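Here is the structure we will look at, set down as structure tokens.
The values are calculated or read from the model by the stated rules, or taken from the named source; none is laboratory data. From a predicted model like this one, the values you see are computed outputs, not experimental measurements. Here the Cβ is made from the backbone with ideal geometry for all residues, glycine too, and neighbour counts use every protein chain on show. Side chains are part of the model used for accessible areas, which takes the heavy atoms of the whole protein and leaves out ligands, DNA and RNA. Shrake-Rupley method; radii C 1.70, N 1.55, O 1.52, S 1.80 Å.
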Amino acid sequence: MKAYLAADIGGTKTLFQLVTEQGELVVEQELVSADFASFDLILQHFLQQKSVQDYSLESACFAVAGPVTGRDAYVTNLPWQLNADSLASKFTISRVHLCNDFEAVGYGISALKEDEIVTLQQGEVIADSPRAVIGAGTGLGQALLFPKGNDWQVVPTEGGHVNFAPTNSIQILLLEHLIERFGQVSYEHIVSGVGIVTLYEFLRAYKQVDELPELRQAMIDGDPAAAISQFAAEKQCNLASQTMALFVEIYGSQAGNLALNVIPRAGLYLAGGIVGKNIEFFQNGAFIKAFNAKGKMQELAGKIPVYVILQPKVGLLGAQLLAQRT
């Protein structure tokens, strides 16, 4: 029996999905990326399942959190390198397509249900205009979408790595602090899971306040960024709340920068695990205030629809669509 394989490959986790030619789900699995030294090993682990071995792979699409050049790709935050031809030969896959993970997210938008999207700014929709997508997770991804007949042409970018531009005095101090640490400071250094922790440590030093012992222990015991956001959401720690406020402000500013680059009157979409898990921080107006704070272009920014994608597997949905088109 023939089937299509899709994978959404991230620095933290890799999602696999196998579906039949009729669109029926065979198996879906999430694996911790860091547990495997290479993509070949994690793919081999997935394909060794008995339920998978009953199928021949008609085609596969692997969405990679990193640059894709022709038939080659590498994961930005992992020492993984992929070659489409090598993977096709080694694992007996008829056709293999590699794409950037936010290219897959862009294609996945069309597969979303109405209740999987939340509106932050209504704007004024022009349907035949471009779209844009930005999303913070392990890193910061961005992509552009342009109308193409009844579909969309998705153009991946590495815009998350552009230089951070502060917009107020505290952000200027933050930039100076990060220059000492990193040299070149990109938005991904800040608008990401690691970035939340970076902002927390900066504010703790800048404000010279003692941190809550319970929060520090939670950061040690689990995901430190998730601990900070949880304590902020539950209003247990003022420093955590200030961290998330600064994170949302800078995120909104960069989303606005992206919007001015492409003017996506068909919508700018926020993806990634952080926004979906912390939607309340994005609905209080601070994100849109920063998004629209563009001087002479403020009125234009206010006309751009802004949406949050709640479906965490939107990239996997897009990769599956591409696998079936390949």
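Roughly how many whole Å is it from the C-alpha centroid of region 270-309 to that of region 184-238?
21
Which of the listed residues, A319, F287, F39, is farthest toward the dipole's positive end in the chain, when Lys, Arg count +1 and Asp, Glu count -1 at the beta-carbon?
Checking the options against the dipole of the chain, the answer is F287.
If you place +1 on the Cβ of every Lys and Arg and -1 on the Cβ of every Asp and Glu, how big does the dipole about the Cα centre of region 104-188 come out, in debye to the nearest 20?
Dipole about the Cα centre, nearest 20: 120 debye.
Taking K13 as the anchor, which lysines have their alpha carbon closer than 30 Å to its alpha carbon, excluding any fewer than eight residues away along the same chain?
K2, K50, K90, K113, K235, K277, K313
Calculate what fraction, in whole %, of the accessible area of the chain sits on carbon and sulfur atoms when a 1.4 Å probe is rolled over the protein chains.
Of the solvent-accessible surface of the chain, carbon and sulfur hold 50 percent.
Classify region 222-303 from the C-alpha gyration tensor, please: rounded if a/c falls under 1.5, else prolate or oblate depending on whether a/b exceeds b/c.
Values: a/c = 2.87, a/b = 2.04, b/c = 1.41.
Note, shape of region 222-303 comes out prolate.
Let me make sure I get this right: for region 49-190, a, b and c are the square roots of the gyration tensor eigenvalues over alpha carbons, sorted descending. Under 1.5 in a/c it's rounded, otherwise prolate if a/b > b/c, else oblate. Which is it? Please report the intermediate quantities before stating the final value.
On the way: a/c = 2.45, a/b = 1.37, b/c = 1.79.
It is oblate, given that a/c is not under 1.5 and a/b is not larger than b/c.
Local charge sum around S56 (other residues, Cβ-Cβ under 11 Å, Lys/Arg +1, Asp/Glu -1)?
-2
Multiply the residue separation of K207 and S169 by 0.36 nm, subtract the distance between their alpha-carbon atoms, and state the gained length in nm to one decimal.
Length gained between K207 and S169: 12.3 nm.
Could you state the accessible area per residue of the chain in Å², with a 1.4 Å probe and every protein chain left in place?
Accessible area per residue: 45 Å².
For mean projected area of the Cα convex hull in nm², pick the label among (1) 15.8; (2) 14.2; (3) 17.2 that corresponds to the value derived from the coordinates.
So the structure-derived entry is (3).
Taking the Cα centre as origin and putting +1 on Lys and Arg beta-carbons and -1 on Asp and Glu beta-carbons, what dipole magnitude results for region 149-280, to the nearest 20 debye? Can you show the working numbers first?
Values: 7 positive and 14 negative charges, 51 e Å.
Dipole of region 149-280, to the nearest 20 debye: 240 debye.
With charges set only on the Cβ (+1 for Lys and Arg, -1 for Asp and Glu), what does the dipole of the chain come to about its Cα centre, in debye to the nearest 20?
Here the size comes out at about 600 debye.
For a quick protection proxy, order the peptides 69-79, 195-205, 212-222 by their average other-Cβ count within 10 Å, most packed first.
Top of the packing list down: 195-205, 69-79, 212-222.
Grab the other residues whose beta carbon is less than 10 angstrom from that of Q230, score K and R as +1, D and E as -1, and report the net.
-1
Which listed residue (I93, A60, V118) has the Cα farthest towards the positive end of the charge dipole for region 49-152, taking +1 on Lys and Arg C-beta and -1 on Asp and Glu C-beta about the Cα centre?
So the residue we want is I93.
Give, as a single signed number, the net charge of other residues whose beta carbon lies under 15 Å from the beta carbon of H161, with Lys and Arg counted +1 and Asp and Glu -1. Walk me through the intermediate numbers first.
Working: positive: none; negative: D101, E158, E188.
Neighbourhood net charge equals -3.
Equivalent-ellipsoid semi-axes (√(5λ), Cα gyration tensor) for region 117-181, whole Å, largest first?
Over the Cα atoms of region 117-181, the ellipsoid semi-axes are 32, 16, 10 Å.
Pulled fully out, how much extra length does the chain show between R181 and T92, if you take 0.36 nm times their separation in residues and subtract their Cα-Cα distance?
Taking R181 through T92 to full extension adds about 27.5 nm, to one decimal.
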